[in-house]
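The block underneath contains the structure these notes are about, expressed in structure tokens.
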Amino acid sequence: MSIKTVSLRTILFLGLCQAGRRTLASDPGLREQPKRIAVVGAGIGGTATAYFLRQEFGAGVKIDVFEPENVGGRLATVKMGDLEYETGGSVIHPLNLHMKHFIDNLGISQRENVPSKMAIFDGKELTFEESDWFIVNMLRMLWRYGFNFLRMQMWVEGVLDKFMRIYQYQQFGYSFSTVEQLLHAMGGDGFLTLANQTLEEAMLGEGFSQVFLNNIVAPITRVNYGQSVRVNGFVGAVSLAGADSGLWAVDGGNKMVCSGLLYHSRAELIPARVTSISVKVRPSKAGTTTSFYEVNYVGVSGPAHSLYDIVIVATPLHTGKSDISFPGFSPPIPSHYPGRFHQTVSTLVHGLLNVSYLGTRQKPSDFTVSDVLTTDAEGCFLNSLSSVDPVTIPPGYHRPPASTPSVWKIFSPRPLTEAQLDAVFLSRDPGASETRWLAYPAYRPPHRRTPPFVLHDRLYYLNAVEWAASAMEMSAIAARNAALLAHHRWHALTGKIDQEDLHVRLRGEL
Ligand SMILES: Cc1cc2nc3c(=O)[nH]c(=O)nc-3n(C[C@H](O)[C@H](O)[C@H](O)COP(=O)(O)OP(=O)(O)OC[C@H]3O[C@@H](n4cnc5c(N)ncnc54)[C@H](O)[C@@H]3O)c2cc1C
Ligand SMILES: *[C@@H]1O[C@H](CO)[C@@H](O)[C@H](O)[C@H]1NC(C)=O
Ligand SMILES: *[C@@H]1O[C@H](CO)[C@@H](O)[C@H](O)[C@H]1NC(C)=O
């Protein structure tokens with residue numbers, strides 16, 4: 001699907017983000033800088049936090065990043081034959097300005113674009129197939145769904161336009177202590193309502209038809225979040241924006257951004273798992289006392305601990321995602337917040353697709369669809385089926401038609417059985433790759449409360465943001481916010497935290 005006009009406002013913001021950035025680190029008259037900061041987790045959130053912390057606090061502070069597994073977290077690749085493929089987070093929206101800024105600053109390139117073509121499968125047949133011709137797609141959509149499709153583009157653009165405000169706020173150094181404050185600053189009460197109702201409720205309320213929701217919107221939420229139109233309206237809008245044109249990925253793999261940010265931040269990577277975080281009080285030189293956070297961790301050489309002035313947790317505090325205890329805090333901080341993460345199994349197969357499985361009579365050599373989305377149909381065991389390109393496009397590469405064996409990626413809620421794989425493929429090479437991700441929250445609005453960004457005085461939690469929406473850019477936005485928040489709270493710059501009506505106040509600043 002490819003219609004999207006970038007509004008003038010977003011273009012203005014793009015320019016703004018390239019402009020010089022504030023350096024508060026060198027402001028005179030501020031309290032002494034912190035000496036040591038810990039970041040827990042080296043996914044895109046943790047590594048971006050290290051990068052922004054360096055920007056805020058300057059060269060003097062020691063930053064340690066704890067990570068027991070691979071740098072990148074949910075951004076990961078697997079090798080199939082001689083080439084590597086994304087198994088986790090794969091596509092980035094053209095208006096994800098932090099991700100764009102990272103690669104520009106780190107000297108990384110975008111992967112070369114290979115044209116894609118989408119179809120929708122209802123478990124029996126293809127109910128929609130994108131044509132190479134924009135006008136044909138439009139007419140088909142108009143014929144079937146009236147103006148729903150055009151109105152969806154406008155609705156998503158309206159949300160995106162407000163979303164883009166966050167870049168201006170962050171450029172001016174504003175930060176937010178809860179997900180709700182952040183959402184409210186972007187889109188007022190409208191965004192809070194959107195995040196606390198289902199996408200289905202939100203879109204029915206806007207006059208979209210149930211048929212359109214089932215046939216077009218659900219396949220999009222299923223491919224992006226493995227869930228139905230009962231996800232929250234905010235993540236739903238993010239998901240629909242993910243059906244825009246111009247989506248990109250990082251040459252060499254998206255996780256390259258994480259290692260690049262880590263290197264650029266001059267943080268130290270500590271290959272260890274954090275087990276607990278507590279407060280320790282120590283006498284200070286001035287005769288008073290100072291409190292520190294004691295981070296306990298287990299690495300290859302056994303358990304150890306270190307003291308920090310500031311700690312930022314950049315991994316979800318949920319069952320199956322991490323297991324960190326917070327002894328002695330009042331009010332208590334739970335190891336696991338309520339709510340669970342949704343499983344998406346990512347299976348990569350090198351094989352020959354059985355196009356008849358998709359109910360099409362096209363010859364395999366004519367079948368050039370790259371992304372098969374699915375409706376919420378009973379008995380449909382897959383969320384999506386995509387012909388995937390390697391993380392680096394070899395010279396002269398063309399996406400092969402379905403008559404040639406190639407690499408396909410299936411997202412499904414459960415691991416696929418041999419029988420299921422036999423149904424989809426005529427033949428397949430041994431050595432399929434399966435990754436069972438606890439991928440993103442299981443969205444069940446309305447929700448009572450989102451976890452806070454501030455867990456304690458100088459202890460912060462990035463992944464609270466995932467309850468609004470989980471995406472690379474959301475973690476990057478939360479990372480910038482956490483670094484700003486940590487800086488402003490350290491120096492008691494309350495005028496830069498949770499300010500109301502920023503949208504109106506900053507209007508003149510453009
Ligand atoms: C299958 C799939 C497809 C997706 N598709 C997209 C997409 O196309 N576009 C998009 O924008 N997003 C996508 N996402 C979402 C995106 O990948 C995530 O939102 C993002 O990568 C989260 O980054 P993070 O750094 O916040 O968390 P994570 O990447 O989960 O990083 C947390 C890190 O913390 C570490 N950790 C855990 N416990 C501890 C501990 N006790 N001590 C120290 N470290 C610890 C973990 O090992 C991990 O490396 C997808 C996700 C999945 C799974
Ligand atoms: C391909 O799929 C069709 C439809 O599901 C099925 O009838 C046929 O047996 C499959 N072909 C092979 C060789 O498995
Ligand atoms: C979400 O809505 C429910 C009722 O529908 C309400 O009780 C709750 O406070 C709301 N949560 C937020 C975070 O606004």
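Which three semi-axes in whole Å describe the equivalent ellipsoid of segment 354-510, each the square root of 5 times a Cα gyration tensor eigenvalue, listed largest first?
Equivalent-ellipsoid dimensions as semi-axes: 46, 20, 16 Å.
Take every Cα-Cα distance within segment 67-201, group them into 5 Å bins from 0 onward, and report for each bin the whole-number percent of pairs it holds.
2, 7, 9, 13, 15, 17, 16, 13, 7, 2, 0
With unit charges on the beta carbon (Lys/Arg positive, Asp/Glu negative), name the residue among PRO394, PRO271, THR494 whose Cα is farthest towards the positive pole of the charge dipole of the chain.
THR494
Using a 10 Å cut-off around each Cβ, can you sort HIS93, HIS336 from fewest to most neighbouring Cβ atoms?
HIS336, HIS93
Please list the three semi-axes, largest first and in whole Å, of the ellipsoid equivalent to segment 159-318, using sqrt of 5 times the eigenvalues of its alpha carbon gyration tensor.
One finds semi-axes of 40, 21, 17 Å for segment 159-318.
What lysines does LYS409 reach when the alpha-carbon gap must be under 27 Å and sequence neighbours fewer than 8 apart in one chain are set aside?
Straight-line reach from LYS409, under 27 Å: LYS4, LYS79, LYS100, LYS117, LYS124, LYS255, LYS321, LYS363.
Relative contact order of the chain, please, whole-number percent, based on alpha carbon pairs below 8 angstrom and at least 6 residues apart.
Numbers: 992 pairs, mean separation 125.4, N = 510.
Worked out over the chain, it gives 25 percent.
From the mean inverse distance of alpha carbon pairs (Kirkwood) and the Cα radius of gyration, derive Rg over Rh for segment 148-189.
1.10
Find the all-direction average of the projected area of the Cα convex hull for segment 300-421, expressing the result in square nanometres with one decimal place. Please list the in-between numbers first.
Values: hull surface 55.6 nm².
Convex hull of Cα atoms, orientation-averaged projection: 13.9 nm².
With +1 on the Cβ of every Lys and Arg and -1 on the Cβ of every Asp and Glu, and nothing else charged, how large is the dipole of the chain about its Cα centre, in debye rounded to the nearest 20?
Using only the charged Cβ atoms, the result is roughly 1060 debye.
Listing ILE135, ILE44, ILE270 from the residue with the fewest other Cβ atoms within 10 Å to the one with the most, what is the order?
Working: ILE135 8, ILE44 30, ILE270 21.
Final ranking by Cβ density, sparse to dense: ILE135, ILE270, ILE44.
Treating only the Cβ atoms of Lys and Arg (+1) and Asp and Glu (-1) as charged, compute the dipole magnitude of segment 345-415 about its Cα centre; round to the nearest 20 debye.
Working: 5 positive and 5 negative charges, 34 e Å.
Taking the Cα centre of segment 345-415 as origin, the dipole is about 160 debye.
Would you list, by chain and number, the lysines whose Cα falls below 24 Å from the Cα of LYS496, excluding same-chain residues fewer than 8 positions away?
LYS35, LYS162
I want the antiparallel fraction of DSSP beta bridges within the chain, as a percent rounded to 5.
Numbers: 55 of 77 bridges.
Rounded to the nearest five, the antiparallel share is 70 percent.
Once Lys and Arg get +1 and Asp and Glu get -1 on their Cβ, which of TYR357, ILE310, THR127 lies farthest toward the positive end of the dipole of the chain?
After comparing all options, I get ILE310.
Along the charge dipole of segment 245-344, which of MET256, SER301, SER325 sits closest to the positive end, that is, farthest toward it, with unit charges on the beta carbon of Lys, Arg, Asp and Glu (+1, +1, -1, -1)?
SER325
Neighbouring Cβ atoms within 10 Å as the yardstick, rank GLU206, GLU67, GLU500 fewest first.
GLU500, GLU206, GLU67
Kindly give the semi-axes, whole Å and largest first, of the ellipsoid equivalent to the chain, taking each as the square root of 5 times a Cα gyration tensor eigenvalue.
Working: eigenvalues 325, 136, 87 Å².
Ellipsoid semi-axes (Å, largest first): 40, 26, 21.
Computed from the coordinates by the stated procedures, all read-outs in this text should not be read as laboratory data. Treat the numbers as computed from the prediction; the structure is a model and nothing was measured. Here Cβ is always computed from backbone atoms with ideal geometry, including for glycine, and neighbour counts include all displayed protein chains.
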